[in-house]
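None of the figures in this text is laboratory data; all of them are computed from the coordinates on show. Given the structure is predicted, the values throughout are model-derived calculations rather than measurements. So basically every Cβ, Gly included, is an ideal-geometry build from the backbone, and we count neighbours across all protein chains shown.
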Amino acid sequence: MRILVTGGAGFIGSALVRHLVKNVGAEVLNVDKLTYAGNLASLKEIEGATNYRFLKADICDLPKISEAISDFQPDRIMHLAAESHVDRSISGAGDFVQTNVVGTFSLLEAARHYWNDLPAARKGTFRFLHVSTDEVYGSLGDDGLFEEVTAYDPSSPYSASKAASDHLAIAWYRTYGLPVIVSNCSNNYGPYHFPEKLIPLIILNAMDGKPLPVYGQGVNIRDWLYVEDHARALDVIASRGRLGEKYNVGGRNERRNIDVVRRICALMDELRPQAKPYTDLITYVSDRPGHDARYAIDATKLETELGWKAQENFDSGIERTVRWYLENGWWWQPLRQGVYSGERLGVLKKG
């Protein structure tokens with residue numbers, strides 16, 4: 001099995017590449033532009049593997065992507081390359097439209113031309129998995145779950161750009177017959193997570209004795225999915241999912257943001273105790289514009305149809321995550337010192 005992964009130096013992408021190389025034994029080509037969030041250090045444990053190779057390329061570069069696909073001759077393309085941080089999309093939406101919309105279009109076109117020229121047998125087994133987010137569905141009230149048939153209602157430039165890319169992927173299946181499958185996941189967490197995201201930001205700020213910023217009153221709810229569970233799910237979906245279908249991937253772990261922060265503080269009190277409890281560092285800040293109230297995934301279709309189940313619950317996963325950051329400063333210290341030190345992003349200028 002030859003698998004081309006886009007965005008394989010990112011958080012979810014690197015977890016997927018590690019899984020495919022180590023556990024599945026696939027031959028993997030990782031194509032990544034290496035933006036600020038792309039980090040080859042996340043792939044250190046497999047960088048010397050004979051079944052792994054890396055290509056620095058932008059998915060918006062249609063000639064280069066077409067050449068990479070033609071040279072590698074993949075049996076499967078798993079598309080994860082994307083700008084993904086909501087706060088950054090608020091103040092820099094253009095990058096999100098370019099990468100997530102135009103880039104997905106370019107990749108779909110390159111894949112379509114490659115697929116059209118495949119021999120019949122390989123053409124029938126080729127798959128294109130488009131990996132997306134539950135944020136395309138918008139915000140839930142107190143009750144209910146996002147299902148695959150939930151109408152799209154994106155709130156941020158990030159989620160709108162991902163919604164557009166989802167529509168393109170399904171359109172390429174319906175119009176051209178390209179064997180596309182789409183997945184939509186809830187919030188991921190785990191090792192190698194770029195420090196701008198909530199969980200690593202809170203862990204690292206706690207370690208540095210810095211304020212732990214919580215938007216609004218911290219009552220926004222997210223459904224948390226351990227990244228290695230997600231990587232397994234993506235392989236299952238690409239291997240056995242039905243063409244033209246969507247599969248929601250969620251951990252069934254709803255938590256208010258403030259409760260996530262407090263749980264991290266409790267683990268830090270236990271694993272790296274200080275004179276004062278870490279909750280003393282919690283600082284409430286002005287809310288994010290367009291902040292969705294609640295996300296929650298119904299993963300029944302994936303669980304019953306394809307037999308996937310999350311192996312980590314939130315308590316086990318968050319403890320593994322906190323311990324990983326405590327033990328792996330070699331990975332995150334260069335990022336905190338040279339790329340992102342914990343400052344707030346996405347603040348709109350007044351006037």
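Number of residues in segment 167-203 that are assigned to a helix (DSSP H, G or I) and either under 20 Å from ASN39 (Cβ atoms) or in contact (Cβ under 8 Å) with a residue 40 or more places away in the chain (or both): the value is 13.
Restricting the first member to segment 119-143 and to residues that are farther than 18 Å from HIS291 by Cα and without any contact (Cβ under 8 Å) to a residue 60 or more places away in the chain, and the second to residues that are outside any loop (DSSP other than H, G, I, E, B) and of a type in the set (D, E, K, R), the beta-carbon pairs closer than 8 Å and six or more apart or on different chains are PHE126/ARG76; PHE128/ARG76; HIS130/ASP166; SER132/LYS162; SER132/ASP166. Mind checking which residues of segment 81-98 are in a loop (DSSP other than H, G, I, E, B) and within 20 Å of ASP166 (Cβ to Cβ)? Across segment 81-98, the qualifying residues are ALA81, ALA82, GLU83, SER84, HIS85. For VAL101, the stated conditions hold: it is part of a helix (DSSP H, G or I) and touching a residue at least 40 places away in the same chain (Cβ under 8 Å). The residues of segment 55-70 that are in contact with a strand residue (DSSP E or B) (Cβ under 6 Å, 6 or more places away or on another chain) and touching a residue at least 40 places away in the same chain (Cβ under 8 Å), listed by number, are ILE59, ALA68.
Mind checking whether some residue in segment 209-220 is β-branched (Val, Ile, Thr) and assigned to a helix (DSSP H, G or I)? No: zero hits. Of the residues LEU335, LEU306, the single one that is surrounded by 14 or more Cβ atoms within 10 Å (Cβ to Cβ), within 26 Å of VAL21 (Cα to Cα), touching a strand residue (DSSP E or B) at 6+ places or on another chain (Cβ under 9 Å) and among the aliphatic types (A, V, I, L, M) is LEU306. Criterion applied to TYR278, TYR295 was being more than 21 Å from LEU326 (Cβ to Cβ), among the aromatic types (Phe, Trp, Tyr) and touching an Asp or Glu at 6+ places or on another chain (Cβ under 9 Å), and the one residue passing it is TYR295.
Among residues belonging to segment 34-53 that are surrounded by fewer than 20 Cβ atoms within 10 Å (Cβ to Cβ) and touching a residue at least 40 places away in the same chain (Cβ under 8 Å), point out the one that is farthest from ALA81 (Cα to Cα). Filtering first and then ranking leaves ALA41. Residue-level analysis places ALA293 among those that are within 30 Å of ALA163 (Cα to Cα), in contact with a strand residue (DSSP E or B) (Cβ under 8 Å, 6 or more places away or on another chain), of a type outside the set (Lys, Arg) and surrounded by fewer than 19 Cβ atoms within 10 Å (Cβ to Cβ).
Of all residues in segment 144-165, one or more are surrounded by fewer than 23 Cβ atoms within 10 Å (Cβ to Cβ) and β-branched (Val, Ile, Thr).
So that you can scan it fast, the table gives a plain yes or no per residue for (1) among the acidic types (Asp, Glu); (2) closer than 22 Å to ASP143 by Cα:
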| position | (1), (2) |
| --- | --- |
| HIS230 | no, no |
| ALA233 | no, no |
| ASN253 | no, yes |
| PRO277 | no, no |
| GLU303 | yes, yes |
| LEU306 | no, no |
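When SER161 is tested against (1) free of Cβ contacts under 8 Å to residues at least 12 places away in the same chain; (2) under 23 Å from the mean Cα position of the chain (by Cα), exactly one condition is not met: (1). At least 2 residues being more than 23 Å from THR150 (Cβ to Cβ) and of a type in the set (Ser, Thr, Tyr) is the threshold, and among the helices (runs of 4 or more DSSP H) wholly inside segment 278-351 those reaching it are 314-327. Report, by residue number, each residue of segment 106-118 that is surrounded by fewer than 18 Cβ atoms within 10 Å (Cβ to Cβ) and in a helix (DSSP H, G or I). If the condition is that a residue be surrounded by fewer than 18 Cβ atoms within 10 Å (Cβ to Cβ) and in a helix (DSSP H, G or I), then GLU109, ARG112, HIS113, ASN116 are the ones that fit. Within segment 270-279, identify whether any single residue is over 27 Å from SER42 (Cα atoms) and touching a strand residue (DSSP E or B) at 6+ places or on another chain (Cβ under 9 Å), and answer yes or no. Yes, the conditions are met somewhere in segment 270-279.
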